[in-house]
1. Output the helices (runs of 4 or more DSSP H) that fall wholly within segment 278-385 and possess 1 or more residues being at pLDDT 95 or above and β-branched (Val, Ile, Thr), or say none.
2. Those residues that are part of a loop (DSSP other than H, G, I, E, B) and surrounded by 15 or more Cβ atoms within 10 Å (Cβ to Cβ), I need them from segment 1-20; list them, please.
3. Look through segment 167-185, keep the residues that are within 14 Å of Gly132 (Cα to Cα) and polar (S, T, N, Q), and return whichever of them is surrounded by the most Cβ atoms within 10 Å (Cβ to Cβ).
4. Might you let me know whether segment 212-221 holds any residue that is part of a helix (DSSP H, G or I), free of Cβ contacts under 8 Å to residues at least 40 places away in the same chain and more than 19 Å from Tyr161 (Cβ to Cβ)?
5. When segment 183-223 is examined, which residues are found to be of a type in the set (Val, Ile, Thr) and under 30 Å from Pro36 (Cα atoms)?
6. Name the single residue, out of those in segment 354-394 being in contact (Cβ under 8 Å) with a residue 60 or more places away in the chain and in contact with a Phe, Trp or Tyr (Cβ under 7 Å, 6 or more places away or on another chain), that is surrounded by the most Cβ atoms within 10 Å (Cβ to Cβ).
7. So, of the residues in segment 92-144 that are of a type in the set (A, V, I, L, M), assigned to a loop (DSSP other than H, G, I, E, B) and touching a Phe, Trp or Tyr at 6+ places or on another chain (Cβ under 7 Å), which turns out to be farthest from Arg207 (Cα to Cα)?
8. Based on this model, can you work out whether Gly49 counts as part of a loop (DSSP other than H, G, I, E, B) and within 30 Å of Lys396 (Cα to Cα)?
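The values are calculated or read from the model by the stated rules, or taken from the named source; none is laboratory data. Note that the structure is a prediction, hence the values are computed from the model and not measured. Positions of Cβ are backbone-derived with ideal geometry, glycine not excepted, and every protein chain shown enters the neighbour counts.
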Amino acid sequence: MVKAETVDKAYEIAKERYAEVGVDTEAAMKRLETVPLSLHCWQGDDIHGFLNPEQELTGGIAVTGDYPGVARTPDELTSDLHEALSLIPGKHRVALHMIYAVAKDGKKKDFNDIKPEDFDYWIDWAKKEGIGLDNNGTFFSHPNVKDNMTVASPDKNIRDYWIQHGKLTREVSNYIGEQLGQTCYNNFWVPDGFKDNPIDKLTPRERMLASLDEIEAKDYPEANEQDSFEGKLFGAPGIESFTVGSHEFYQYYAITRQKLWTIDAGHFHPTEDVSDKFASYFPFTKKDLFMHVSRPVRWDSDHTVIVDDALLRITRSLVRDNLLDRTHIGLDFFDATINRVAAWVVGARATQKSLLQAMLAPIDQLKQSEYNADFTTRLIETEELKSMPFGAVWDKFCQDHNVPVGFDWMDNIHQYEKDVQFKRN
């Protein structure tokens, strides 16, 4: 176990080193405290939910692995989330999907038979934890996903079903926000598209546009509910050649309809720099951005987030351009080859580490060098910052928030496996 005095000693040295280059480590840690992450509940149960957990996953959704201890009930899932939150410094949020409704009568329900009150279980739990909740419409794993289409389907009956679901998703999100007294961010992602090259690319998007406008027709107080729209480059399997809800489509929709745009780090071509999207979006809107932190490996495979170059570029852009106050950060991955609670903690702590690294820089000084065309200074300083004692500041941040430092949290995971998760199988 890491000794507190060891952490304090290392931190004092790091604090002095950073002060030499004009960086206030205390201010950076206080800034990080104000950035909540939205943990995705579906990492804990492999995206089965509680409406009909035996339903096969469809719509390009697939989970790999069968590590023991998967959550099977609402109480097991919230227990796992509580354990994860106890190992992540700071105060955070949890993102739900409509399939995680907990019917009060215990009976299975169709997606569109859900009532807002079916989320009272989650609302009561969130109040107990002192956290907020976000939501997502579930436009997959249902018989009414026909030919990889939902709101863009040429079949009016199919479109009408999913339009109703979209409206219900907003009603539920408004109810959650109203009950918790804080905004519930409600995300839309739909799997509509074609496996092979379509002849008509325009009509499906016109149908989708009309469907979304119908879903969004009713106004809800933004203090309770705000909608965000998530595009995708391609999906696997089924829509490799054409995605109706592309990045451009949803970005334009968000800007013209004054909604939020969702960027998922796994939904772009592997050679694209996701971090470059932010500065192209914000000048055209007064609305916020929802950032889904994920890790693609060649495709949108939703690996557990780690501190890699892509994540560091994302967090640097958000920090350097002072966009954190207008960006809501959520996690979005699922891995059943490892302990599911550990995946949450690794991903969340990696995101926080990357944010903190970005904050531990003399940003104003670096910008001034850039304005002065002193690119030599800019390059030297950004390179030298990479070997600064960031880890000591991170350890201090964890210690100050009463969560395990360094490798110590692995002991918590192993004990939780032994006492709770492994007893489920």
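1. Passing ranges, in order: 309-320, 340-359, 363-371, 375-385.
2. Within segment 1-20, just Val2 meets the criteria.
3. Going through the qualifying residues, I end up with Ser173.
4. Of the residues in segment 212-221, the ones part of a helix (DSSP H, G or I) are 212-215.
From what's left, free of Cβ contacts under 8 Å to residues at least 40 places away in the same chain: none.
Taking every residue of segment 212-221 in turn, none turns out to be part of a helix (DSSP H, G or I), free of Cβ contacts under 8 Å to residues at least 40 places away in the same chain and more than 19 Å from Tyr161 (Cβ to Cβ).
5. Applying the first criterion (of a type in the set (Val, Ile, Thr)) to segment 183-223 yields 183, 190, 199, 203, 215.
The answer is Thr183, Val190, Ile215.
6. Per the criteria, the residue is Val393.
7. The initial filter retains those residues of segment 92-144 that are of a type in the set (A, V, I, L, M), namely 94-96, 98-99, 101-103, 114, 123, 126, 131, 133.
Applying the additional criterion that residues be assigned to a loop (DSSP other than H, G, I, E, B) yields 96, 101-103, 114, 131.
Filter once more, so that each one left must be touching a Phe, Trp or Tyr at 6+ places or on another chain (Cβ under 7 Å): 96, 101-102.
Details: Leu96: 27, Ala101: 29, Val102: 32 Å.
Restricting to residues being of a type in the set (A, V, I, L, M), assigned to a loop (DSSP other than H, G, I, E, B) and touching a Phe, Trp or Tyr at 6+ places or on another chain (Cβ under 7 Å), the top hit is Val102.
8. Details: part of a loop (DSSP other than H, G, I, E, B): yes; within 30 Å of Lys396 (Cα to Cα): no.
When the stated conditions are applied, Gly49 does not pass them.
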